[in-house]
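The values are calculated or read from the model by the stated rules, or taken from the named source; none is laboratory data. Quick caveat: nothing in here was measured; it's all calculated off a predicted structure. A quick note on method: Cβ atoms are made from the backbone with ideal geometry, for glycine too, and the neighbour counts reach across all protein chains shown. What goes into the accessible areas is simple: the full protein's heavy atoms, side chains included, and nothing from ligands, DNA or RNA. Shrake-Rupley method; radii C 1.70, N 1.55, O 1.52, S 1.80 Å.
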Amino acid sequence: MGALEALAGRAPTVLSAHYDDGVLSCGGLLAACAEAGTPGTVVTVFSGAPEPPLSAAARKFHRACGLGDADAIACRAAEDDRALTVVGAAPVRLGVPDALYRKDSAGHPRYPRDDELSRAELAAETELITGLAAALAAEPSVRDAELVLAPLAIGNHIDHRITRAAARLLDRDPDTIWWYEDAPYVIFPKDLLEPFDESHTDPRTVRLTRRQWQAKLRGIGCYASQAPILLGGNTELPKWLTMYAESLADGEPAERYWSLPAA
């Protein structure tokens, strides 16, 4: 079905773990909403500035992205502002620090190595999940949203899994919360990912116009700092995303959203 038919006039609120996830995964649908005069909102969860000293993993991440330690979050927020302008969505930021920046009760890095981010036990983040669920429930753009889009957490990043777990705690009718495929992780070979169970209820394959798809790609291009670490960067990533999107809808670009049973 087309994007506007799928939305039935509802303006979505996207729960984005990091600054780029909402546009990478739902940018086409957001562009369609803006075209229709029902612009969406992107709530970025892990958007807070780190407290020094930074871990070696955080400094390594900044270097890979060409970011300075002092202004990394400000730069990423500015990129996000530009991207959301392109797809016509409004930003909301909860200000929780990214996993690479979080510390334990003793002040030590919670995730001192970046390879821990996809292997961490979700049970260790129960307090954060509970607090985040309460913050989301109180946030007007989530509380009052007719439709919330939340991550499936494909790729297994701990921040994506925390966002998914918190969203599962929201008191919402299952029809008012759709679960998006985390891009670009969803296009990787499945054996590289946490097992992804596709036996959920039938997914919604939301067809996009070429104009909406191009708006999504332009929005993704605004995240210049992330290009060096995303699949193929700004040269190859659009090609891979387009190939995957066209595989969903007989050669036309699309995004796919899943339903999950009530928690």
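Residues within the reach of a label modelled at Glu51 (point 7 angstrom out along Cα to beta-carbon, backbone nitrogen below 12 Å), restricted to the range 82-123, are 97, 102-109. Each Cα pair under 8 Å and six or more residues apart adds its sequence gap; the mean of these over the residue count of the range 90-227 is a relative contact order of 19 percent.
For the chain, the longest principal axis of the Cα atoms and the long axis of helix 126-138 meet at an angle of about 50 degrees. Think of a 1.4 Å ball rolled over the protein heavy atoms: the chain then has 44 Å² of accessible area per residue. For the chain, DSSP calls about 30 percent of its internal beta bridges antiparallel. In nm, give the distance between the simple-model label positions of Lys60 and Phe188, each being 7 Å from the Cα along the Cα-to-Cβ direction. So the two model labels end up 1.5 nm from each other. Taking 0.36 nm per residue of separation and subtracting the current Cα-Cα distance, fully stretching the chain between Trp240 and Thr209 would add 9.4 nm. Of interest is the spacing of the C-alpha centroids, which for the range 76-138 and the range 218-263 amounts to 21 Å. The distance between label points at Asp81 and Thr38 comes to 2.9 nm (points 7 Å beyond Cα on the Cα→Cβ vector). Approximating the spin labels as points 7 Å out from Cα along Cα→Cβ, the Ala134-to-Ala224 distance works out to 4.1 nm.
The trypsin sites (Lys or Arg not before Pro) of the range 90-120 that meet both conditions, a loop assignment by DSSP and at most 16 other Cβ atoms within 10 Å of the site Cβ, are Arg113, Arg119. Remark on Lys103: its backbone amide H falls under 5 Å from those of Arg110, a criterion applied only to residues 5 or more positions apart or on other chains, H modelled at 1.01 Å from N. Carbon-plus-sulfur accessible fraction, the chain (probe radius 1.4 Å, protein heavy atoms only): 54%.
The charge dipole of the range 71-129, taken about the Cα centre with unit charges on the Cβ atoms of Lys, Arg (+1) and Asp, Glu (-1), comes to about 100 debye, rounded to the nearest 20.
With everything on Cα atoms, drop me the angle between helix 210-221 and the longest principal axis of the chain, reported from 0 to 90° to the nearest 10. Helix 210-221 sits roughly 10 degrees off the main axis of the chain.
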